[in-house]
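Taken together, the values in this text are just the output of simple stated rules run on the coordinates, not laboratory data. No experiment lies behind these values; they were computed from the predicted model shown. Don't worry about glycine lacking a Cβ; one is built from the backbone with ideal geometry, like all the others, and counts go over all protein chains shown.
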Amino acid sequence: MISINKLMGFLELNKLGIPTVPLKEFHPDVNLTYDVLWTIRVAVYEGDDLNLPRAVGVNAREALKKGRELYNTYKDKGMIFYYPFFIAEKSGTLEISNSRIIIEAVQGDLWNLVTYGKVDETIIISNEDKYYYKNKEFLTNEEILQIMKHIDLIKFKYRDLLVEGKSVLLEWSFAYNTNNENIPFGNKYLVFYEIRSI
């Protein structure tokens, strides 16, 4: 039975060719620039990989401290990754199975969906039928198309998982880069930052 855990998901995202965070492996001698905020994440080789410690949207000094702490704790059990922090305008999940596609979306950070259960829009696409729940106008048509244009590639890449009756779940945001004062800059972009099988 094939499955994708958090660690494999981080590595797979970089190989898929879809928009993702510029993820790099953390080592104690890493140098981080001070002009942006940082996110530090842990992924374990095996076992429970939910609710692992992390640091999100912290300055370089805090990120280095937390990264070294996590490295010392997890270096033999997994990997530590880092990437520049971003501010999410809209976030959600994309669930792909053989029989349907489900897009859930929420205002702001994904935390609002996965922790607080808030949902601003749910789109279910099954056998060429499309169903909307909640606010049909929350995601623009352009945003929906940006998310959906990666579905065929994901279905092809993970066809063995889908044949087993599993689904592939991706987490995404429409986001902005941010400086070290948490002020957004640049253009809004779509970014996927987690993929796993369920």
**Report entry** Cβ-placed point charges (K, R +1; D, E -1), dipole of the chain about Cα centre in debye, nearest 20
**Finding:** 260
Query raised in the report: Hey, any idea what the orientation-averaged projected area of the convex hull of the stretch 84-198's Cα atoms comes to, in nm²?
Result: 7.7
Query raised in the report: Fully extended, how many nm does the chain gain between Gln107 and Tyr176 (0.36 nm per residue separation, minus their Cα-Cα distance)?
Result: 23.5 nm
Report summary line: Taking R0 as 22 Å and r as the Cβ-Cβ distance between Phe156 and Leu23, the FRET efficiency 1/(1 + (r/R0)^6), rounded to the nearest 0.05, comes to 0.45
Report summary line: Among Gly165, Tyr71, Gly57, the residue whose Cα sits farthest towards the positive end of the charge dipole of the chain (+1 at Cβ of Lys and Arg, -1 at Cβ of Asp and Glu, taken about the Cα centre) is Tyr71
Query raised in the report: Taking a ≥ b ≥ c as the square roots of the eigenvalues of the Cα gyration tensor of the stretch 22-85, is the shape rounded (a/c under 1.5), prolate (a/b larger than b/c) or oblate?
Result: prolate
Report summary line: Stretched fully, the stretch from Lys149 through Lys118 gains (0.36 nm per residue minus C-alpha distance, one decimal, in nm) 8.6 nm
Query raised in the report: Each residue of the stretch 139-144 in order: what ³J(HN,Hα) in whole Hz does its phi give by Karplus 6.51 cos²θ - 1.76 cosθ + 1.60, θ = phi - 60°, with x for Gly and Pro?
Result: 8, 6, 4, 4, 5, 4
Query raised in the report: Taking a threshold of 21 Å on the Cα-Cα distance, which of the pairs Lys24/Lys65; Lys15/Lys118; Lys90/Lys166; Lys90/Lys149; Lys75/Lys157; Lys149/Lys188 fall above it?
Result: Lys15/Lys118; Lys90/Lys166; Lys75/Lys157
Report task. Give the Rg (one decimal place) followed by the Dmax (whole number) of the chain, computed from C-alpha coordinates and expressed in Å. Result -> 17.2, 52
Report summary line: Once amide hydrogens are built 1.01 Å from N within the peptide plane, the residues lying 5 or more places from Thr20 or on another chain with amide H under 5 Å from its amide H are Phe192
Query raised in the report: When the Karplus curve 6.51 cos²θ - 1.76 cosθ + 1.60 is applied with θ = phi - 60°, which whole-Hz ³J(HN,Hα) does each residue of the stretch 178-183 get, with x for Gly and Pro?
Result: 9, 8, 6, 9, 6, 9
Query raised in the report: What list of ³J(HN,Hα) values in whole Hz, one per residue of the stretch 15-29 in order, does the Karplus curve 6.51 cos²θ - 1.76 cosθ + 1.60 (θ = phi - 60°) give from phi, with Gly and Pro shown as x?
Result: 8, 5, x, 9, x, 9, 5, x, 5, 9, 6, 8, 10, x, 9
Report summary line: Going from the fewest other Cβ atoms within 10 Å to the most, one would list His27, His150 as His27, His150
Query raised in the report: Over the stretch 29-87, what relative contact order in percent results from Cα pairs under 8 Å that are six or more residues apart?
Result: 46
Query raised in the report: Cα centroids of the stretch 155-188 and the stretch 13-82: how far apart, whole angstrom?
Result: 17
